[in-house]
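Report on the structure given below.
The values are calculated or read from the model by the stated rules, or taken from the named source; none is laboratory data. In this text the structure is predicted, and so the values were computed from the model without any measurement. Because the Cβ atoms are built from the backbone with ideal geometry, glycine has one as well, and the counts that use them run over all protein chains shown.
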Amino acid sequence: MRHENRGKILLHTFLTVISFSHFAYSQDFKAFKQQNLPPVINNVVNYQKSISGDSTKRLISLQQFIPELVIDFKYATKNNFTGCVLYKKPASFLRLPAAVALKKINAELAQQGLGLKVFDAYRPYHITIKMWNLVHDERYVASPAKGSGHNRGAAVDVTLVNISTNEELPMPTPFDDFTEKAHHNYMQLSKEILNNRALLKGTMEKYGFLSLSTEWWHYSLPNAASRFELLNLDFKELKKLTNDQ
């Protein structure tokens, strides 16, 4: 999912977004459903059946469960690698084990005057299809044939903030920068930045998340593909479910 030249990928995005705009999501999803893909839960009834058999699969609203989190949905703006607005009225959700771990992480960081900012958490499967249509490159976007940890509610994109100001701590790159500088093994950085990256990584891993070697901001639960189904519930549906619980 990597690409060393952001300029090239954004040019590719500009060219492909023109053709993408002619296709509705329903057409894209129908085409993908005709292929041999992993199961995708597309409606509330099937989701409720799934969680009735395993309560750890329940999606938890991070904004309710950890209200002190700072939320900054980059995909609800054009300030992301696609240059397009992908989310409308989003909300942050994770599966129960991931949400519980994140709450413990935020509590530990608070003892140091720090907290987490969330860029992305659960991502509806159809958004991955949109990303794939815009940037048809597995180095950069998860293939819909596999889906991603985000589609399973088991991955989160985060950084550190000072809780007294909500200002981000210096990190190697901005979010969604896909150069070598975003890699965990990139060491040509200031001591402050190296320490911030190490603190985030160490704390996330302490509570069971796995880091992604090429993205300092991305963390996921282990074995997510075998533990959780791909989900295609939109944020509006999930917010209603949360309010009804």
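Annotation: of all residues in the range 22-79 being aromatic (Phe, Trp, Tyr) and not in a helix (DSSP H, G or I), the one that is modelled with the highest pLDDT is Phe73.
None of Lys236, Lys201, Lys191 is more than 18 Å from Phe81 (Cβ to Cβ), surrounded by fewer than 21 Cβ atoms within 10 Å (Cβ to Cβ), of a type outside the set (A, V, I, L, M) and at pLDDT below 95 except Lys236. Taking first residues from the range 87-105 that are of a type in the set (Val, Ile, Thr) and partners that are in a loop (DSSP other than H, G, I, E, B), the Cβ contacts under 9 Å between residues at least 6 apart in sequence or on separate chains come to Val100/Tyr207; Ile105/Tyr207; Ile105/Phe209.
State yes or no: is Ala91 farther than 15 Å from Val158 by Cβ, of a type in the set (A, V, I, L, M, F, W, C) and in contact with a Pro (Cβ under 8 Å, 6 or more places away or on another chain)? Here the answer is no, as Ala91 does not meet what is asked.
Looking for something at pLDDT 95 or above, in a loop (DSSP other than H, G, I, E, B), closer than 22 Å to Tyr219 by Cα and out of contact with any Cys (no Cβ under 9 Å at 6 or more places or on another chain) - is there at least one such residue anywhere in the range 92-104? Within the range 92-104 (the criterion being at pLDDT 95 or above, in a loop (DSSP other than H, G, I, E, B), closer than 22 Å to Tyr219 by Cα and out of contact with any Cys (no Cβ under 9 Å at 6 or more places or on another chain)), the answer is yes, since at least one residue qualifies. Screening Val158 on (1) out of contact with any strand residue (DSSP E or B) (no Cβ under 7 Å at 6 or more places or on another chain); (2) closer than 18 Å to Ile105 by Cα; (3) not basic (Lys, Arg) shows it passes everything except condition (1).
The residue that is nearest to Lys191 (Cα to Cα), among those in the range 131-171 that are buried (at least 21 other Cβ atoms within 10 Å of the Cβ) and of a type in the set (D, E, K, R), is Asp157.
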